[in-house]
1. Do the conditions hold for PRO71, that is, is it in a helix (DSSP H, G or I) and of a type outside the set (Lys, Arg)?
2. In segment 45-67, how many are surrounded by 18 or more Cβ atoms within 10 Å (Cβ to Cβ) and either free of Cβ contacts under 8 Å to residues at least 40 places away in the same chain or not assigned by TED's automatic domain parsing to the domain that holds TYR86 (or both)?
3. So PRO71 passes all but one of these: (1) in the same structural domain as PHE95 (by TED's automatic domain parsing); (2) modelled with pLDDT of 90 or more; (3) surrounded by fewer than 15 Cβ atoms within 10 Å (Cβ to Cβ); (4) not β-branched (Val, Ile, Thr). Which condition number does it fail?
Amino acid sequence: MLAAGAGILALGGAAGGIFAALGVVLGGVMLIMGLFQIFVAWGLWTGRSWAWILALIFSVLGVIFAIISLPNGIISLLINGVIIYYLFTKPVKAFFGK
């Protein structure tokens, strides 16, 4: 949701020249990412199995990128590790039909 809002702000607040084009491109990308995040969040909220899979994939990617960026990625590593652990608990797997 935050990415969608930032994308809208970047699209609306573009300056002149090359920065206008850059703002439009980055704003468009952030808006698309934000809308995708909202879609996945809805899937998680409603217990869709594809959302569980996407959450797992993105958390594993987050762990990989956090390991690559150590020591700066320690917080990200911990958060994504907790998400992966949580996704594999019995109640969560049962909710998503896994």
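The values are calculated or read from the model by the stated rules, or taken from the named source; none is laboratory data. Since the structure is predicted, the reported quantities are computational estimates derived from the model, not experimental observations. Neighbour counts run over all protein chains shown; Cβ positions are idealised from the backbone, glycine included.
1. no
2. Final tally of qualifying residues: 5.
3. (2)
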